[in-house]
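A.B. asks: First the structure, then my questions, so here it is.
The values are calculated or read from the model by the stated rules, or taken from the named source; none is laboratory data. All figures in this text were calculated on a predicted structure; none of them were measured in a lab. Here the Cβ is made from the backbone with ideal geometry for all residues, glycine too, and neighbour counts use every protein chain on show.
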Amino acid sequence: MPDVLARLRRAGVDDVPVIVGGIIPSADATALKAAGVAAVFTPKDFGITEIIGRIVDEIRTANQLDPLEVSA
């Protein structure tokens, strides 16, 4: 992942959030986030609606967009 992040930065792609998933130990997840990964999903993250919501949040944050407002 560090190589992917470095290549994206060199290519000038700094407004795209990088999101990873898999069987990732918590220490590695912490290191990935410190390296610039926006979100890390593991098998404990199985709620597809929540995952998609978090991905949308990361995209909005990366593009400095206002948070989505949900009306009741």
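A.B. asks: Here's a check for you: in region 26-72, which residue that is of a type in the set (S, T, N, Q) and at pLDDT 90 or above is surrounded by the fewest Cβ atoms within 10 Å (Cβ to Cβ)?
C.D. replies: My answer is Thr49.
A.B. asks: Within region 7-25, take every residue that is farther than 17 Å from Asn63 by Cβ and touching a helix residue (DSSP H, G or I) at 6+ places or on another chain (Cβ under 9 Å) and give me the one that is surrounded by the fewest Cβ atoms within 10 Å (Cβ to Cβ).
C.D. replies: Gly21
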